[in-house]
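A quick write-up on the structure given underneath.
The values are calculated or read from the model by the stated rules, or taken from the named source; none is laboratory data. All values reported here derive from a predicted model rather than from experimental measurement. A quick note on method: Cβ atoms are made from the backbone with ideal geometry, for glycine too, and the neighbour counts reach across all protein chains shown. Calculation scope for accessible area: heavy atoms of the full protein, side chains included, ligands and nucleic acids excluded. Shrake-Rupley method; radii C 1.70, N 1.55, O 1.52, S 1.80 Å.
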Amino acid sequence: MKGTPMAPAKITLSDVVQLLAEHEETAARTLSLVPSENAMSGLAKLPMLLDPYHRYFFNETDDPDRWHFRGAQSLRDIETDVAIPLLERLGRADYVSVRPLSGLNAMTLALATLGGDPGSTVVTVGPGNGGHYATPSVAQRLGQRVEFLRGPDPHSLDLDHAAELLRRVRPALVYVDQSHCLFPIDVAALVRVVREASPETLVHVDASHWMGLVLAGVFPNPLDAGADSFGGSTHKTFPGPQKALILTRDADIEKRIRETQDYLVSSHHFGATLSLGMALLEFQEFGPAYARAVVGHTRSFAGLLAGRGLTVCAADRGYTAGHQLWLDTERDGIAPGLASDRLYAAGLKVNFMAGLPGFTGQGMRIGLNEAAYQGLTEEDLPELADVFAAAVRDERPAAGLADRVAALRGARTPLGAALPEAAALLDRSLALAGRALGAHAS
Ligand SMILES: Cc1ncc(COP(=O)(O)O)c(C=O)c1O
């Protein structure tokens, strides 16, 4: 056992508040270019500070006999009449589950519900084509066999191979996931192959990375493309809380998801669900313009980095169609870990990792989604690219570069905060936050 039972912690509450304060100060001067993260408005975060954060909510049907947990009763409509209908509209679905806590939790729920009994087969996207690292392992832990779709290159699938595989293994489910992704899989073409080769097989698309682009209508909707269901995280390209969704038009799938989810999710984090409702109310104002900016900025930024001599992958295809870019800094003579350290010192946070499709060593994965949410415009990109390239090559002192990033951040307003309603609600929100912190007691 570490330490003695009642020995005081080395870090006090006061230290923690100091660390939080310093973190906030730094975060406001920096930019996250991590494609799996995003930000959301302070207003949308409010429910997570307030009483509903502590409440369970299981009574979506408003059945008077099901109010076993009554704490969420007065706020029920924010989930059932705001979040769910907005998701049904933006996701072009007839049914939505907002119960998953994260993309991985939604994956587990989808595989457990649709992937068949132990011994059945799930076909998913191979790691060489950007499939999520956890999908095969989750399916195997559920007793399912796993086979992989593969492609002639990291960005497309071999549909002839898919047809042959599907005919041979007759899977219960094709789970279409892309974690490292520059271009969306052509779901419509894949669904056609599935229907022809193995008509009993269901198709679920895990759109964790693309969710904001799909809900904004800028990326194809998987249900329009013929998938039976889709789902994924609400905090990557969608600027929302860390949660996830499953959407479908199929009443039977909805029923099966509902029956399974009670055994994989208990509390679905009601405070975060209310935050999701608020983030969706905001997103319906700025969503399409934001999503177009994400896609446009990411592609422009790729060209700007390439123009400054960095190796950006998939140049022959226009680098990207979405929010991710992959950089091969090893080719430029700089280890990605070192490049990432230098960028961090300059106020830019990036992913570096092994396992990017087509890479033998490590690579760098960046995304412009959060920067677009923070309000950066096309005009800001040359300056951002100058700072980025100078930091990677260690051409200028980090402190000066960090000041330039802070200036970019400071000059722009996050999209949620820029909404006229946010300003009008500031006093009431501050009063609520103050009350949650005990200010009413003094
Ligand atoms: C396709 C896919 N599914 C699931 C996940 C896991 O999502 P989360 O981190 O929200 O659990 C990710 C995360 O990158 C992903 O890319």
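Please compute the per residue accessible area over region 44-281 with all protein chains in place, 1.4 Å probe, rounded to a whole number of Å². Let's see the in-between values first.
Numbers: 9560 Å² over 238 residues.
Result: 40 Å² per residue.
In Å and on Cα atoms, what radius of gyration and Dmax does region 344-406 show?
Considering region 344-406 through its Cα atoms, Rg and Dmax are 13.0, 35 Å.
Looking at the chain, send over the antiparallel percent of its DSSP beta bridges, to the nearest 5. Can you show the working numbers first?
Details: 18 of 36 bridges.
Restricted to the chain, the bridges split so that about 50 percent are antiparallel.
Using a 1.4 angstrom probe with every protein chain in place, what is the largest-first accessible-area order of Ile78, Ile366?
Ile78, Ile366
Work out the charge dipole of region 232-300 with +1 on the Cβ of Lys and Arg and -1 on the Cβ of Asp and Glu about the Cα centre, then indicate which of His268, Ala279, Thr237 is farthest towards its positive end.
Final value for the positive-end residue is Thr237.
With springs only between Cα atoms under 10 Å, which of Ala93, Ala399, Ala385 fluctuates most in a Gaussian network model of the chain?
Highest fluctuation among the options: Ala399.
For region 246-352, run through the trypsin sites (Lys or Arg not before Pro) and keep only the ones in DSSP coil with at most 16 other Cβ atoms within 10 Å of their Cβ. The partial results should precede the final answer.
Numbers: sites: Arg249, Lys255, Arg256, Arg258, Arg292, Arg299, Arg308, Arg317, Arg331, Arg342, Lys349; in loops: Arg249, Arg308, Arg331.
Within region 246-352, the qualifying trypsin sites (Lys or Arg not before Pro) (loop, at most 16 other Cβ atoms within 10 Å) are Arg308, Arg331.
For the chain, what does -39500 (n - 2.57) per DSSP helix run (n ≥ 4), summed and divided by total residues, give at 222 nm, in deg cm²/dmol to the nearest 500? Walk me through the numbers on the way to the answer.
Numbers: 17 runs with 182 residues, N = 442.
For the chain, the value works out to -12500 deg cm²/dmol.
Limiting things to C-alpha atoms, what are the Rg and the maximum Cα-Cα separation (Dmax) for region 150-276, in angstroms?
Computed over the Cα atoms of region 150-276, radius of gyration and Dmax are 15.5, 46 Å.
Using only alpha carbon pairs under 8 Å that are at least six residues apart, calculate the relative contact order of the chain and give it in whole percent.
Averaging sequence separation for qualifying contacts and normalising by length gives 22 percent for the chain.
What dipole magnitude, in Debye to the nearest 20, does the chain give about its Cα centre under +1 on Lys/Arg Cβ and -1 on Asp/Glu Cβ?
Working: 40 positive and 51 negative charges, 131 e Å.
In total the dipole reaches around 620 debye.
Whole Å is fine, so just give me how far the alpha carbon centre of region 362-399 lies from that of region 110-175.
36
How big is the shadow of the Cα convex hull of region 320-442, averaged over all directions, in nm²? Please report the intermediate quantities before stating the final value.
Numbers: hull surface 43.5 nm².
Averaging across all directions leaves 10.9 nm² for the Cα convex hull.
Which residue, Pro100, Leu87, Leu223, has the largest displacement toward the positive end of the dipole of region 44-281 when charges sit on each Cβ (Lys, Arg +1; Asp, Glu -1)?
Positive-most Cα among the choices belongs to Pro100.
Given the options Gln18, Gln284, Gln144, state which has the largest fluctuation in a GNM of the chain using a 10 Å cut-off (strictly under) for Cα springs.
The residue that fluctuates most here is Gln18.
Please return the longest stretch of the chain lacking exposed loop sites, where GluC sites (Glu not before Pro) count only if DSSP places them in a loop and at most 11 other Cβ atoms lie within 10 Å.
Numbers: sites that count: Glu200, Glu395.
The longest such stretch corresponds to 1-199.
For region 44-281, what proportion of DSSP beta bridges, expressed in % and rounded to the nearest 5, is antiparallel?
Numbers: 9 of 25 bridges.
Percent antiparallel among DSSP bridges in region 44-281 is about 35.
Hey, got the dipole for region 285-434? About the Cα centre, +1 on K and R Cβ, -1 on D and E Cβ, debye to the nearest 20? Display every interim value, and only then the final one.
Working: 14 positive and 17 negative charges, 35 e Å.
Around 160 debye, computed over region 285-434.
For a quick check of your reading of the filter: which trypsin sites (Lys or Arg not before Pro) in region 9-60 sit in a DSSP loop and have no more than 11 other Cβ atoms within 10 Å? Walk me through the intermediate numbers first.
Details: sites: Lys10, Arg29, Lys45, Arg55; in loops: Lys10, Arg29, Arg55.
Loop-located and lightly packed - Lys10.
Counting only the heavy atoms of the protein chains, how much of Phe148 is accessible to a 1.4 Å probe, in Å² to the nearest 10?
80
So, with a 1.4 angstrom probe, what is the percent of accessible area on the chain that is carbon and sulfur?
Numbers: 10700 of 20010 Å².
Of the solvent-accessible surface of the chain, carbon and sulfur hold 53 percent.
Mind checking which of Pro241, Pro288, Pro222 has the largest fluctuation in a GNM of the chain, springs on alpha carbons under 10 Å?
Comparing Pro241, Pro288, Pro222 in a Gaussian network model of the chain, the most mobile one is Pro288.
Write down the Å³ per residue value for the convex hull defined by the alpha carbon atoms of the chain. Walk me through the intermediate numbers first.
Values: hull volume 79.5 nm³, N = 442.
Dividing the Cα hull volume of the chain by its residue count gives 180 Å³.
Please list the equivalent ellipsoid semi-axes of region 44-281, computed as the square roots of five times the alpha-carbon gyration tensor eigenvalues, in descending order and whole angstrom.
Numbers: eigenvalues 202, 67, 44 Å².
Values for region 44-281, descending: 32, 18, 15 Å.
Where does the charge balance sit around Leu101 when Lys and Arg score +1, Asp and Glu -1, over other residues with C-beta under 14 Å from its C-beta? Don't skip to the answer; put the middle values down first.
Working: positive: Arg99, Lys243; negative: Asp262.
Summing Lys/Arg as +1 and Asp/Glu as -1 gives +1.
Which helices, counted as full DSSP H runs in the chain, have an axial Cα extent of no less than 24 Å and a Kyte-Doolittle average of 0.5 or above?
On the way: long enough: 270-307 (46 Å, 0.68).
Span-like helices in the chain: 270-307.
Excluding Gly232 itself, calculate the net charge of residues whose Cβ lies under 11 Å from the Cβ of Gly232, where each Lys or Arg counts +1 and each Asp or Glu counts -1. Let's see the in-between values first.
Details: positive: Lys236, Lys243; negative: Asp177, Asp206.
Local charge sum for Gly232: 0.
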